[in-house]
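S.K.: Pasting a structure below so you can have a look.
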Amino acid sequence: MGTTPISRIRTLGILVAVFAAIGVVVAIKGRRAPERARIPATIGAGINPASPGAPPPLITGIDTPPEGPNGKLAWFLRKYSERFAAAQRQMAIQQGADIETLPNEWPQARYIADASAYPSVETYFLGYLRYLDAAKERYPALMDSIARITVVESKMESADSADVLKGISGGFASKLAANLKMFDYGQAYGQAALRLHYYLASIGSRVSYDAGANTAKFEVDAERQKVSTLLAEVQSNGAKLATASKP
């Protein structure tokens, strides 16, 4: 099975930033209104633990702020989102996980049949969990620093700049509990993935790969059932994360 968009894992921090940005849009537009994881049940399919929310307004081909308060706001939102995403990805890479893409083999039938042959899966999810711990601790300060730098570069009027920073601060405070819950679901997803990986590695000698059917075949039915249970746990946590990620 080839790589599909479903196999991509997106940073929680992007969602946090977009949620905060939504509050900014409301704050400024309220003052200037006249101006303007499906997870298949079959073994071997991709998993999407989170679906990104609606992206902020984009300005294509423009690297400097346009004229007008709403144009400057749109520019700010784009740059803010881009910078936050880049910072989060770099943080993840430093922890050993590229959050943009899951390992290609996860959790395909060949992997299920011989998990110990794919140590990159363990490496990925261990790094993913370290990344979530780091991001959970650092994202408030990261949001604030990126916002302050970008709002200056946007060349907004001082009143609009104040609205933007107030909107981000208010958005962060109002969604703090929901954002922390998102991190918890992400950690539960990563932990469930590791439980599956370690169990598969422990029974590898009794599982084989059927190339014709592209399936994993188990010698012991109780072990097949256990794998199905662990996969369901991964699915459940992924679904909770996807639901919590919706704006």
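The values are calculated or read from the model by the stated rules, or taken from the named source; none is laboratory data. Everything numeric in this text was worked out from a predicted model, so none of it was measured. Backbone-built Cβ (ideal geometry, glycine too); neighbour counts: all protein chains shown. The area values use the complete protein model at the heavy-atom level, side chains included, leaving out ligands, DNA and RNA. Shrake-Rupley method; radii C 1.70, N 1.55, O 1.52, S 1.80 Å.
S.K.: Pick from the range 207-217 the residues that are part of a strand (DSSP E or B) and hydrophobic (A, V, I, L, M, F, W, C): which of them is surrounded by the most Cβ atoms within 10 Å (Cβ to Cβ)?
M.R.: Per the criteria, the residue is A216.
S.K.: Can you tell me which of (1) assigned to a loop (DSSP other than H, G, I, E, B); (2) open to solvent by 10 Å² or more (accessible area, probe 1.4 Å); (3) among the aromatic types (F, W, Y) is the one Y124 doesn't meet?
M.R.: In the conditions (1) assigned to a loop (DSSP other than H, G, I, E, B); (2) open to solvent by 10 Å² or more (accessible area, probe 1.4 Å); (3) among the aromatic types (F, W, Y), Y124 misses (1) alone.
S.K.: Any residue that is within 30 Å of G71 (Cβ to Cβ), modelled with pLDDT under 85 and of a type in the set (D, E, K, R) - is there at least one of those in the range 94-114? Steps first, answer last, please.
M.R.: So the first thing to find is which residues in the range 94-114 are within 30 Å of G71 (Cβ to Cβ), and the list is 100.
This time we only want the ones that are modelled with pLDDT under 85, so: 100.
Pick out the ones that are also of a type in the set (D, E, K, R) and you get 100.
Scanning the range 94-114, I find at least one residue that is within 30 Å of G71 (Cβ to Cβ), modelled with pLDDT under 85 and of a type in the set (D, E, K, R), so the answer is yes.
S.K.: If you go through the range 83-100, how many residues are part of a loop (DSSP other than H, G, I, E, B) and open to solvent by 50 Å² or more (accessible area, probe 1.4 Å)?
M.R.: The initial filter retains those residues of the range 83-100 that are part of a loop (DSSP other than H, G, I, E, B), namely 95-100.
Remaining after also requiring open to solvent by 50 Å² or more (accessible area, probe 1.4 Å): 98.
Matching residues across the range 83-100 total 1.
S.K.: Can you work out which of the residues in the range 193-206 that are open to solvent by less than 50 Å² (accessible area, probe 1.4 Å) and in contact with a Phe, Trp or Tyr (Cβ under 9 Å, 6 or more places away or on another chain) is farthest from G127 (Cα to Cα)?
M.R.: Checked the range 193-206; the qualifying residue farthest from G127 (Cα to Cα) is I203.
S.K.: One residue is enough: does the range 174-186 have a residue meeting the conditions open to solvent by less than 40 Å² (accessible area, probe 1.4 Å), more than 17 Å from the chain's Cα centre (by Cα) and either at pLDDT 90 or above or among the polar types (S, T, N, Q) (or both)?
M.R.: Within the range 174-186, not a single residue is open to solvent by less than 40 Å² (accessible area, probe 1.4 Å), more than 17 Å from the chain's Cα centre (by Cα) and either at pLDDT 90 or above or among the polar types (S, T, N, Q) (or both).
S.K.: Follow-up. Before we move on, is V220 farther than 21 Å from A97 by Cα and open to solvent by less than 20 Å² (accessible area, probe 1.4 Å)?
M.R.: no
S.K.: Restricting attention to the range 135-157, does a residue exist that is at pLDDT 80 or above, part of a helix (DSSP H, G or I) and closer than 20 Å to V234 by Cβ?
M.R.: Within the range 135-157, none of the residues are at pLDDT 80 or above, part of a helix (DSSP H, G or I) and closer than 20 Å to V234 by Cβ.
S.K.: Among (1) of a type in the set (V, I, T); (2) touching a His at 6+ places or on another chain (Cβ under 9 Å); (3) open to solvent by 40 Å² or more (accessible area, probe 1.4 Å), where does V152 come up short?
M.R.: With (1) of a type in the set (V, I, T); (2) touching a His at 6+ places or on another chain (Cβ under 9 Å); (3) open to solvent by 40 Å² or more (accessible area, probe 1.4 Å) applied to V152, the lone miss is (2).
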